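Read the structure below first, then the notes.
The values are calculated or read from the model by the stated rules, or taken from the named source; none is laboratory data. This structure is a prediction, so every number in the text was calculated from the model and none was measured. When we count neighbours, we look across all protein chains shown, and the Cβ atoms used for this are built from the backbone with ideal geometry, even at glycine. Heads up: the accessible areas ignore ligands, DNA and RNA and are worked out on the full protein's heavy atoms, side chains in. Shrake-Rupley method; radii C 1.70, N 1.55, O 1.52, S 1.80 Å.
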Amino acid sequence: GVVKDQLNAALKPHGLFFAPELSTSNRATIGGMISTDASGQGSCEYGKTRDHVLELETVLLGGERLHTRPVEEAELAALCQRDDATGRAYRTARELIDTQGELIRAKFPPLNRCLTGYDLAHLREDDGRLNLNSLLCGSEGSLGFLNEAVLNVLPIPQHSTLVNVRYAGFMDALRDAKALMASSARPTSIETVDDKVLMLAMQDFVWDSVAEFFPDG
Ligand SMILES: Cc1cc2nc3c(=O)[nH]c(=O)nc-3n(C[C@H](O)[C@H](O)[C@H](O)COP(=O)(O)OP(=O)(O)OC[C@H]3O[C@@H](n4cnc5c(N)ncnc54)[C@H](O)[C@@H]3O)c2cc1C
């Protein structure tokens, strides 16, 4: 599988990047990221992995390949007519969302990170198209083997800024993070580092590359 850092290294010469971030980016595969609907630094701005998945190809039990992307009503009707695993998947999904959709929406709490796992509530997109990727993203390999993915990539930002703020206490930092997120500065991400982690980092070989961001005092 393609590893996330490999993908971004290949995209860099084109001025593009795959936005979902995670702390294991030097070893996490795209298939693993999609299957866990991974997200991390920058998710307030860029969302989760599923927000950047356009199409998937999945090998189902028995070897059949399932191609998934948002489908309009006419195409959905044709897919549901099929006498194979693809047909069964689309028929089941269509019936589920069309008969249980209201109940699902009423029962599940509104979560800003949506639901990781089978996200039934979003089987139909806002425009009504059926998208099986809402099930496949976050399904942890339980529905099939992801074989191919068409991903959304974005232009690499021209500028980046790091602002380092020091607080008297950890809770002060957490409280202020809320205010900072709501401020007009619109931070892409906020990372809170306590003194214990900082002390440990000082003994790590990475310290030399970041020490300048943590001046004495
Ligand atoms: C130290 C640590 C830090 C982490 N940090 C973050 C973080 O910051 N943000 C975050 O979102 N997550 C984080 N995670 C969890 C994160 O989901 C995984 O690190 C990563 O996304 C998994 O990718 P992987 O390639 O290692 O997949 P694996 O761990 O190998 O697999 C993960 C799941 O996906 C399934 N899977 C993998 N490939 C495929 C495929 N091709 N088809 C079908 N199913 C597949 C596997 O069956 C498994 O259920 C962290 C995990 C660890 C251990």
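Considering (1) open to solvent by less than 20 Å² (accessible area, probe 1.4 Å); (2) modelled with pLDDT under 95, say which one residue 56 fails and leave the rest.
Of the numbered conditions (1) open to solvent by less than 20 Å² (accessible area, probe 1.4 Å); (2) modelled with pLDDT under 95, the odd one out for residue 56 is (2).
Listed residues 39, 35; which is under 21 Å from residue 125 (Cβ atoms), within 10 Å of the ligand (Cβ to nearest atom) and assigned to a helix (DSSP H, G or I)?
Values: 39 fails: assigned to a helix (DSSP H, G or I).
After ruling out the rest, the residue left standing is 35.
Among all residue pairs at least 6 apart or on different chains, which show Cβ distances below 8 Å where the first residue, located in the range 1-22, is modelled with pLDDT under 95 and the second is assigned to a loop (DSSP other than H, G, I, E, B) and within 16 Å of the ligand (Cβ to nearest atom)?
21/39; 21/40; 21/41; 21/42; 22/28; 22/38; 22/39; 22/40
For every residue, the table says whether it meets (1) open to solvent by 50 Å² or more (accessible area, probe 1.4 Å); (2) within 30 Å of residue 88 (Cα to Cα); (3) polar (S, T, N, Q); (4) assigned by TED's automatic domain parsing to the domain that holds residue 46.
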{"residue": "134", "(1), (2), (3), (4)": "no, yes, yes, yes"}
{"residue": "139", "(1), (2), (3), (4)": "no, yes, yes, yes"}
{"residue": "147", "(1), (2), (3), (4)": "yes, yes, yes, yes"}
{"residue": "151", "(1), (2), (3), (4)": "no, yes, no, yes"}
{"residue": "161", "(1), (2), (3), (4)": "yes, no, yes, no"}
{"residue": "200", "(1), (2), (3), (4)": "yes, no, no, no"}
{"residue": "203", "(1), (2), (3), (4)": "yes, no, yes, no"}
{"residue": "208", "(1), (2), (3), (4)": "yes, no, no, no"}
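Quick one: residue 116 ticks every box in (1) under 17 Å from residue 59 (Cα atoms); (2) near the ligand (Cβ under 10 Å from one of its atoms) bar one, so which box is it?
Of the numbered conditions (1) under 17 Å from residue 59 (Cα atoms); (2) near the ligand (Cβ under 10 Å from one of its atoms), the odd one out for residue 116 is (1).
Which ones in the range 37-53 are buried (at least 19 other Cβ atoms within 10 Å of the Cβ) and in contact (Cβ under 8 Å) with a residue 40 or more places away in the chain?
In the first step, residues of the range 37-53 are kept if they are buried (at least 19 other Cβ atoms within 10 Å of the Cβ); the result is 37-39, 43, 46, 48-50, 52-53.
Selection gives 37, 39, 43, 46, 48, 49, 50, 52, 53.
Answer yes or no: is there a residue in the range 176-190 that is in contact with a strand residue (DSSP E or B) (Cβ under 6 Å, 6 or more places away or on another chain) and either surrounded by 11 or more Cβ atoms within 10 Å (Cβ to Cβ) or in the same structural domain as residue 40 (by TED's automatic domain parsing) (or both).
Residues of the range 176-190 that are in contact with a strand residue (DSSP E or B) (Cβ under 6 Å, 6 or more places away or on another chain), as a first pass: none.
Taking every residue of the range 176-190 in turn, none turns out to be in contact with a strand residue (DSSP E or B) (Cβ under 6 Å, 6 or more places away or on another chain) and either surrounded by 11 or more Cβ atoms within 10 Å (Cβ to Cβ) or in the same structural domain as residue 40 (by TED's automatic domain parsing) (or both).
When residue 60 is evaluated against the numbered criteria (1) near the ligand (Cβ under 9 Å from one of its atoms); (2) at negative phi, which criterion, by number, is the only one it fails?
Only one criterion is unmet by residue 60, namely (1).
Is it true that residue 84 is open to solvent by less than 70 Å² (accessible area, probe 1.4 Å), under 22 Å from residue 142 (Cα atoms), within 12 Å of the ligand (Cβ to nearest atom) and among the acidic types (Asp, Glu)? Give the derivation first.
Values: open to solvent by less than 70 Å² (accessible area, probe 1.4 Å): yes; under 22 Å from residue 142 (Cα atoms): yes; within 12 Å of the ligand (Cβ to nearest atom): no; among the acidic types (Asp, Glu): yes.
Judged against the criteria, residue 84 is not a match.
For the range 1-32: of the residues being near the ligand (Cβ under 10 Å from one of its atoms) and touching a Ser or Thr at 6+ places or on another chain (Cβ under 8 Å), which is most open to solvent (accessible area, probe 1.4 Å)?
Looking only at the range 1-32, we keep the residues that are near the ligand (Cβ under 10 Å from one of its atoms), and these are 1-4, 20-25, 27-32.
This time we only want the ones that are touching a Ser or Thr at 6+ places or on another chain (Cβ under 8 Å), so: 1-4, 20-22.
On the way: 1: 102, 2: 76, 3: 27, 4: 3, 20: 1, 21: 61, 22: 29 Å².
Ranking the candidates gives 1 first.
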